[in-house]
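K.L.:
The structure's right below; bear with me while I get my questions together.
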Amino acid sequence: MSTKIVTARVDIPNSHTLSVYLEHGGYQSLRKALLEMTPEQVQEEVTASGMLGRGGAGFETGRKWSMLKQDLVRYLVVNGDESEPSTFKDHLLVENDPHQLVEGTLITAYAIGASRAFIYLRGEFALGLERVQSAINEAYAYGAIGRNIFGSGFSVDLVLQPGAGAYICGEETALIESLEGKRGFPRIKPPYFPAVIGLYGAPTIVNNVETMSNVPWIVKNGGQAFAAMGKGRSTGTRLFALSGDVMRPGNYELEMTSKTFRELIYDPDFGGGLKEGRSVKAVIPGGVSAPWIGPDNLDLPLGQDEVAQAGSMLGSGSIIVLDDHTCAVRAAWRITRFFNRESCGQCTPCREGSGWIEKIMHRIELGSGTESDLDLVLDACDNIAPGLTWPPQQTTICVLGPSIPSSVVSAIKMFRDEFMVHIKEEGCPFVH
Amino acid sequence: MSTDESQNLVTLSIDGKEINAKGGELLIEAAEKAGVFIPRFCYHNRLPQVGMCRMCLVEVKGPRGFSLQPSCYLPVSEAMEVITQSEKVKKAQDGILEFLLINHPLDCPTCDKGGECPLQDQTLTYGPGESRFAEEKRHWEKPIAISELVFLDRERCIQCDRCTRFADVVAGDALIEFIGRGDHTEVNVFPDRPFSSYFSGNTVQICPVGALTATPYRFKARPWDLSQVESSCMACSMGCRIMVQSSQNGLTRYLGLDSDSVNHGWLCDKGRFGFEAVNSADRES
């Protein structure tokens, strides 16, 4: 049985309440950090843990914190706008262990010297919002948030902000704009990285919910214990959100690199395999922004660099399995339609390109495509993200743009024959 | 002052040619001063830059070699190397123009902007010759009156943010804003609140397409038929610089001229549209 970090308590009844959290060692890490450690020592532990950010980009958390400009006013923002299709790991954490998130956030606020922390939670998480808010209220009453926490002299306030339903607000600078009450338009980087100019113009650290939820464990057990799990840059555990054509979709916390895609999909304790007689056609390894990988890559370990070397990304850790009864054209079209609807509309390639590619893909799926459409789609994709390389060369303001081609290009490269069947037979050969 | 400026000068190379520019100056401006015009839509020298249209992408050398970057957002620095003419830049410009045109109506012959339209002009100079777009274009009701003076055609709009930025930043009354997301982003007014700004006419002048048109000029003349003379506005004592344009022996339009010490190209609606009094039938003298 591997160690559980972020999901250690999620199955306990009433795990979202303060009393249950305290029974299971809750807020001990915050006490330890505030009363026994300096902010620098907390930072050192997190740096030693080697934890990569769990939001999608996989940036080292400790390094991110060290980049924070040391202005008098600094902010911490927790990104809980989990809206990548098929990603539902933070959903579990905010509903079933909101105090762990709050504790991790408070420790981080202490470590980076934030004067105020914000949790920006996806607006559709009705129960999550309710539970995080009541966790914050309970923590205030308990003395874990507010002035002079546990008599340490450290004070911080924690504010919960619901999102208003835009995928793009999961992009950290769009999230900051949204938090400021503006339209969710990503900011242009460089020069304005949030660690230098973030919320209300102040240096800001933006971290994911899962990243924050790991912090109490790291403080309690030490960064080395965290780094001892996993391999290479992939330290600790990750919460994998497995979905698609598997028998047991769900969240599985695994030590990083300890299992392969095949094991996660087929192990009866995890994915439980596919339906009788079906086989894996493709896997989307890190949310729908990630390029697809084929069945030949199933023995890749679930690690950051391992997946990157295969030309994709582990991203948000959500894994979608497509079996051989899935139409690759339709899957790619549906993903493109999502990006088309969720593009913020700010910069031209993403705004216009997403709609155009969506229309062509839909046309091919419906049976009125031509072979030249495939080259056209690839070229339009190339105009959004020149070279179609991964990681992308960016001509757009944020990474939503280069995410559009991921699925389309993967589908055309891996399943060109299937596109040709749609074109020649003037329709989709699959039963929907 | 002069010593400060000379200390602040940087040398960079654009297309292999060395030029001097003020440190911190935007690349798109430094290039233009050196005689290299980089196409643009959202960039306007009197508005804060937003880097939205991506038309001004050029190749800039960084630690990992040359990459495409928006020149409207990049301050020049010492020893910067820039390429504005290359296959890569050409393809990027082609691509952006194609994207902008896929949902842009081909109604240039009946569009008031035709003949003085940055989209039309830059398509001819930098764009692809043909469209590969075979789908249905985006449709909006056209045009809609957003005030007594200004008409908005959302099909022509290329979402450059010039009008909305002007309304917010320069005029200080953000009565027009982006609504919606993705390729259904539209500029519009808020419900039951017309675009009743005293400065609304400026948005018509800076619109890089024919999305915003002003009632007094709609279907009155073609730009190439206009005679024009520079003058000063007489609506008040400010003395804003204007271009007085006429056609068929009648006043047709005033445009604001960029005078650094006076009006930066802007005019109030009274100054801009007041000329209608000159030939008005209601005039007493």
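The values are calculated or read from the model by the stated rules, or taken from the named source; none is laboratory data. Since the model is a prediction, treat every value here as computed from it, not as a measurement. Positions of Cβ are backbone-derived with ideal geometry, glycine not excepted, and every protein chain shown enters the neighbour counts. Remember, those area values only see protein heavy atoms, side chains included, never the ligands or the DNA or RNA. Shrake-Rupley method; radii C 1.70, N 1.55, O 1.52, S 1.80 Å.
K.L.:
Give the relative contact order (percent, whole number) for chain B; include only Cα pairs under 8 Å separated by 6+ residues.
P.N.:
Computed value for chain B: 13 percent relative contact order.
K.L.:
Accessible surface of A:D299 in the full protein assembly, 1.4 angstrom probe, to the nearest 10 Å²?
P.N.:
Around 90 Å² of this residue is reachable by solvent.
K.L.:
May I have the pair-distance distribution P(r) for the stretch A:18-228, computed from all Cα-Cα distances with 5 Å bins from 0 and rounded to whole percent?
P.N.:
Answer for the stretch A:18-228: a P(r) of 1, 8, 17, 22, 22, 17, 10, 3, 0, 0 percent.
K.L.:
Also, quick follow-up: For chain A, with a Gaussian network of springs between Cα atoms less than 10 Å apart, report the residue from A:R278, A:R31, A:R187 with the top mean-square fluctuation.
P.N.:
Among A:R278, A:R31, A:R187, the largest GNM mean-square fluctuation belongs to A:R278.
K.L.:
Another question, then. What's the long-distance tail for the stretch A:328-424, i.e. % of Cα pairs beyond 17 Å?
P.N.:
Here the long-distance tail beyond 17 Å is 42 percent of all Cα pairs in the stretch A:328-424.
K.L.:
222 nm [θ] for chain B, helices only, -39500 (n - 2.57) per DSSP H run of 4+, per residue, to 500?
P.N.:
My calculation for chain B gives -5000 deg cm²/dmol from helical runs alone.
K.L.:
Where Lys and Arg each count +1 and Asp and Glu each count -1, what net charge lies around A:E263 among other residues with Cβ under 10 Å from its Cβ?
P.N.:
Neighbour charge sum, excluding A:E263 itself: -1.
K.L.:
Averaged over B:175-186, how many beta carbons belonging to a partner chain fall within 10 Å of each residue's beta carbon?
P.N.:
5
K.L.:
Of the listed pairs A:K64/B:K88; A:K182/B:K22; B:K33/B:K91, which have alpha-carbon separations greater than 30 Å here?
P.N.:
Beyond 30 Å: A:K64/B:K88; A:K182/B:K22.
K.L.:
Quote the relative contact order of chain A in percent (integer), defining contacts as alpha-carbon pairs under 8 Å separated by 6+ residues.
P.N.:
16
K.L.:
Right, next: Helix-only estimate, please: 222 nm mean residue ellipticity of chain A, summing -39500 (n - 2.57) across DSSP H runs of length 4 or more and dividing by its residues, to the nearest 500.
P.N.:
After summing the helix terms and dividing by residue count, I get -12500 deg cm²/dmol.
K.L.:
So how do B:216-223, B:51-58 stack up, highest first, on mean other-Cβ count within 10 Å?
P.N.:
B:51-58, B:216-223
K.L.:
Now a separate question. Would you tell me the mean number of C-beta atoms belonging to other protein chains that fall within 10 Å of each C-beta in B:63-75, as a whole number?
P.N.:
2
K.L.:
Now a separate question. With θ set to phi - 60°, apply the Karplus curve 6.51 cos²θ - 1.76 cosθ + 1.60 along the stretch A:413-423 and write out the HN-Hα couplings as whole Hz, x wherever there is a Gly or Pro.
P.N.:
5, 7, 10, 4, 4, 5, 4, 5, 5, 4, 6
K.L.:
Also: Express the relative contact order of the stretch A:15-136 as a whole percentage, based on alpha carbon pairs under 8 Å and six or more residues apart in sequence.
P.N.:
Normalised by residue count, the contact order of the stretch A:15-136 is 34 percent.
K.L.:
Run through all the Cα pairs of the protein assembly as shown and give the fraction in each 20 Å bin from 0, expressed as whole percent.
P.N.:
Bin by bin from 0 Å, the calculated values are 16, 44, 32, 8, 0.
K.L.:
Residue by residue through the stretch A:312-327, what is 3J(HN,Hα) from phi via Karplus (6.51 cos²θ - 1.76 cosθ + 1.60, θ = phi - 60°)? Round to whole Hz and write x for glycine and proline.
P.N.:
Per-residue couplings from phi come out as 9, 8, 7, x, 7, x, 9, 10, 9, 9, 10, 8, 6, 9, 9, 7 Hz.
K.L.:
For A:369-381, what's the mean count of beta carbons from other chains sitting within 10 Å of each residue's beta carbon?
P.N.:
What the average comes to for A:369-381 is 1.
K.L.:
Considering only DSSP beta bridges with both partners in the protein assembly as shown, what is the antiparallel share in %, to the nearest 5?
P.N.:
Taking every DSSP beta bridge with both residues in the protein assembly as shown, the antiparallel ones total about 70 percent.
K.L.:
Evaluated at 4 °C with a viscosity of 1.567 mPa s, what Stokes-Einstein diffusion coefficient in µm²/s does the stretch A:1-56 have when Rh comes from the Kirkwood expression over alpha-carbon pairs?
P.N.:
Estimated diffusion coefficient is 96 µm²/s.
K.L.:
If you line up the long axis of helix A:348-366 against the longest principal axis of chain A, both from Cα atoms, how many degrees apart are they, to the nearest 10?
P.N.:
Result, in degrees: 50.
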